[in-house]
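The structure appears right after this line, and notes come after that.
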Amino acid sequence: MRKKLVAGNWKMNTTRQTAVQLARELVAAAGQETAVEVVVCPPFPYLLLVREVLAGSRIALGAQNLHPEPKGAFTGEVSPVMLTDCGCQWVIVGHSERRRDLGESHEFIRRKLVAAVHHGLQVILCIGETKPERDAGQTFQVVRAQLQDSLPALTSDQLQAVVVAYEPVWAIGTGVNATPEQAQEVHAFVRRWLGEQFDAKTAENLRILYGGSVNASNAGALLAQPDVDGVLVGGASLQASEFLAIIRSARR
Ligand code: 13P
């Protein structure tokens with residue numbers, strides 16, 4: 001039985017004050033949540049502040065990015081060692097905003113994935129097609145290539161530290177979410193691929209999240225799909241009431 005996971009990607013939002021406030025509201029209402037696993041991913045400068053607020057709660061801390069090297073001359077980068085040192089248990093890898101806008105290659109994403117797992121972090125690996133790719137009927141091809149270029153670098157044992165987030169690029173920040181059927185279709189495809197590439201147990205256990213314009217109104221129907229094991233939430237994770245409602249809809 002896969003436990004549902006609700007993760008908030010705060011992206012480049014919040015201030016010291018609003019980050020702490022948001023975390024406090026989440027801890028007050030969902031700090032002892034047991035039915036759903038909850039993760040928040042604040043911007044780097046607020047990780048330690050948010051960590052203090054989360055202390056003693058069951059809400060886990062995640063980062064939005066990392067560099068694959070443990071240390072060295074990489075100006076402006078943050079290493080997996082620093083993340084664990086700051087109390088992170090999770091990290092997002094391969095987000096389309098980094099693949100597309102910052103030109104991150106498949107190879108770089110694979111190195112990040114391997115480094116994160118090696119350093120004991122759990123990874124949310126993002127994949128997903130653009131609108132032109134979907135319109136051209138290439139969704140499965142694109143998603144398969146993104147999986148193929150990263151996950152085979154890990155053993156099935158190491159895959160226990162990974163969740164895949166299907167985030168169609170056309171659904172991110174647009175207000176147009178994938179329909180539950182569209183999400184289910186791709187999630188089932190990912191699970192079949194995992195079964196073929198690894199083994200039945202890995203395919204059965206690995207959680208596949210949906211992300212892209214998830215909110216309190218559409219989360220329930222998405223989460224009701226058999227292969228939707230959670231959600232990765234951007235905009236709606238910045239409002240405590242909205243994020244809490246999404247957590248509640250994952251309980252069912
Ligand atoms: P939105 O929920 O704002 O569409 O963002 C989704 C996302 O990119 C989460 O990583």
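The values are calculated or read from the model by the stated rules, or taken from the named source; none is laboratory data. Since this is a predicted model, take the numbers as computed values, not measurements. Cβ coordinates were reconstructed from backbone atoms using ideal geometry, including for glycine residues, and neighbour counts include every protein chain displayed. For accessibility, only protein heavy atoms count, side chains too; no ligands or nucleic acids. Shrake-Rupley method; radii C 1.70, N 1.55, O 1.52, S 1.80 Å.
Being more than 16 Å from the ligand (Cβ to nearest atom), out of contact with any strand residue (DSSP E or B) (no Cβ under 7 Å at 6 or more places or on another chain), open to solvent by less than 30 Å² (accessible area, probe 1.4 Å) and at pLDDT 95 or above: is that true of Ala171 here?
So Ala171 fails the test.
Output the number of residues of the stretch 226-245 satisfying the condition of being open to solvent by less than 40 Å² (accessible area, probe 1.4 Å) and either in a loop (DSSP other than H, G, I, E, B) or within 11 Å of the ligand (Cβ to nearest atom) (or both).
Selection size over the stretch 226-245: 10.
Restricting attention to the stretch 196-217, report how many residues are away from the ligand (no atom under 16 Å from the Cβ) and either farther than 17 Å from Leu125 by Cβ or touching a His at 6+ places or on another chain (Cβ under 7 Å) (or both).
5
Read through the list (1) over 16 Å from the mean Cα position of the chain (by Cα); (2) in a loop (DSSP other than H, G, I, E, B); (3) hydrophobic (A, V, I, L, M, F, W, C), then give the number of the only condition that Phe140 fails.
That leaves (2) as the condition not met.
When you check Ser217 against the structure, is it assigned to a helix (DSSP H, G or I) and touching a helix residue (DSSP H, G or I) at 6+ places or on another chain (Cβ under 9 Å), yes or no?
It is false that Ser217 is assigned to a helix (DSSP H, G or I) and touching a helix residue (DSSP H, G or I) at 6+ places or on another chain (Cβ under 9 Å).
With open to solvent by less than 10 Å² (accessible area, probe 1.4 Å), under 21 Å from Asn9 (Cβ atoms), in contact with a helix residue (DSSP H, G or I) (Cβ under 8 Å, 6 or more places away or on another chain) and of a type outside the set (Gly, Ala, Ser) as the only criterion, which of Leu121, Leu159 stands out?
Checking each option against the conditions leaves just Leu121.
Would you mind telling me which numbered condition in (1) out of contact with any helix residue (DSSP H, G or I) (no Cβ under 9 Å at 6 or more places or on another chain); (2) touching a residue at least 40 places away in the same chain (Cβ under 8 Å) Ser96 fails?
All conditions are met except number (1).
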